[in-house]
1. From Cα pairs below 8 angstrom and at least 6 apart in sequence, can you work out the relative contact order of the stretch 22-83, rounded to a whole percent?
2. Going by Cα centres, the stretch 118-147 and the stretch 49-79 are how many Å apart?
3. As a test, work out the antiparallel percent of DSSP beta bridges whose residues both lie in the chain, rounded to the nearest 5.
4. Please state, rounded to one decimal and in Å, the Kirkwood hydrodynamic radius that the stretch 1-129 gives when every pair of distinct Cα atoms enters the mean of 1/r.
5. Report the extension gain between Glu302 and Glu49 in nm, rounded to one decimal, defined as 0.36 nm multiplied by the number of residues separating them, less their alpha carbon distance.
6. Mind giving me the nanometre distance, one decimal, between the label points for Arg153 and Glu266, set 7 Å out from Cα along Cα→Cβ?
7. Only Cα pairs within less than 10 Å get springs; with that Gaussian network setup on the chain, which residue of Val57, Val94, Val82 has the largest fluctuation?
8. Please give the length that would be gained between Asn194 and Lys234 if that part of the chain were fully extended, namely 0.36 nm times their separation in residues minus their C-alpha to C-alpha distance (nm, one decimal).
Amino acid sequence: MLILGIESSCDDAAAAVLETTAPGIAEIRSSTVANQDDIHRAYGGIVPELASRNHVVTIAPVIERALATAGCTLADIEGIAVTRGPGLVGSLLVGLMFAKGLAQAGGIPMVGVNHIEGHLLAPLLENRIAMPYLALVVSGGHTALFAVQDFARYRRIGRTRDDAAGEAFDKVAKLMGLGYPGGRAIDEMSRRGNRKSVRIPRAHVKGAPLDFSFSGVKDLAASFQEAVVEMLVKPTIAAARELGTDTIALTGGVAANSRLRDALTEAAAADGRRLVAPALKYCTDNAAMIALAGGYRLLRGERDTLGIDAEASLAL
Ligand code: KG4
Ligand code: ZN
């Protein structure tokens with residue numbers, strides 16, 4: 001079954017074409033993303049109104065590019081999977097309304113997909129993983145541990161009580177003047193920093209901004225990153241033990257973090273477990289994961305009506 005995935009829950013507009021033969025088994029024919037970092041950078045964060053307005057401009061070209069790269073047209077598409085929440089409602093609406101239009105015009109079955117389910121299943125895109133597995137979802141909006149028991153059967157076993165890990169990265173990066181989005185900047189800077197330097201540079205403590213040297217910033221970045229990584233790794237390993245799962249899947253934008261990947265790979269191996277992390281382009285927001293998450297339901301013959309709504313805080 002040839003599935004078109006559409007994702008526009010936050011600041012990325014994405015489309016993908018997947019050929020799926022069985023639940024969770026798919027060949028990625030194309031996956032395209034229109035990134036909005038350049039638009040939001042000047043504001044140091046995502047401006048919802050600008051995000052949705054920009055989606056209106058990019059959604060059609062992104063879908064056209066996904067179809068063209070896959071070497072097919074809308075007439076070949078047998079199912080549409082579209083994110084309906086959670087996310088920014090103005091952003092969600094653009095992808096969802098476009099999907100409804102395509103479904104209606106082409107007589108194509110459509111299902112609405114939960115964005116988090118997409119992240120949870122993304123590790124299956126390029127790996128064979130037996131269920132149940134444990135998934136650590138770490139992104140700009142979410143930080144949680146889920147037991148992925150089966151398709152459509154997910155149990156949240158841990159979550160952040162306040163900020164998401166990616167949000168913490170972005171806030172600290174902003175404070176340090178590292179630009180937007182800052183997660184990657186901290187990651188890169190930390191490679192040259194001392195992550196054991198728990199001492200905040202004196203210049204910072206004494207409030208003397210002219211003394212705030214570059215090396216201090218990089219040590220601060222490395223120490224901050226190490227703290228976040230440790231705070232993610234420990235409960236993840238504990239959860240894997242509790243569940244008795246051999247496989248830990250790491251997913252979401254912060255899964256791009258090199259130190260987190262290394263530390264979790266090491267901790268998992270030391271505990272006799274395997275870490276599976278998707279390729280970076282499938283960790284961050286993308287439509288291939290949405291096509292996969294909608295794909296198993298379309299294969300079963302499920303479909304949603306054109307009456308479904310976008311839901312900013314859709315529960316999984
Ligand atoms: O999954 P994603 O693309 O969007 C959401 O659904 O939130 O995640 C984006 C988040 C941002 O907070 C960004 O700073 C963070 O992922 N991020 C990173 C790295 N690359 C992206 N955080 C730490 N280290 C990185 N290398
Ligand atoms: Zn996401």
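1. Answer for the stretch 22-83 is 41 percent.
2. Comparing the Cα centres of the stretch 118-147 and the stretch 49-79, I get a distance of 25 Å.
3. Details: 27 of 43 bridges.
The antiparallel fraction comes to roughly 65 percent.
4. Details: mean 1/r = 0.0673 Å⁻¹.
Taking the inverse mean of 1/r over all distinct Cα pairs, the stretch 1-129 comes out at 14.9 Å.
5. Answer, rounded to one decimal: 87.8 nm.
6. Going by the 7 Å Cα→Cβ label model, 3.6 nm.
7. Val57
8. 12.3 nm
The values are calculated or read from the model by the stated rules, or taken from the named source; none is laboratory data. What you see is a predicted model; the values in this text were computed from it and never measured. Note: ideal-geometry Cβ built from the backbone for every residue, glycine included; neighbour counts use all protein chains shown. For accessibility, only protein heavy atoms count, side chains too; no ligands or nucleic acids. Shrake-Rupley method; radii C 1.70, N 1.55, O 1.52, S 1.80 Å.
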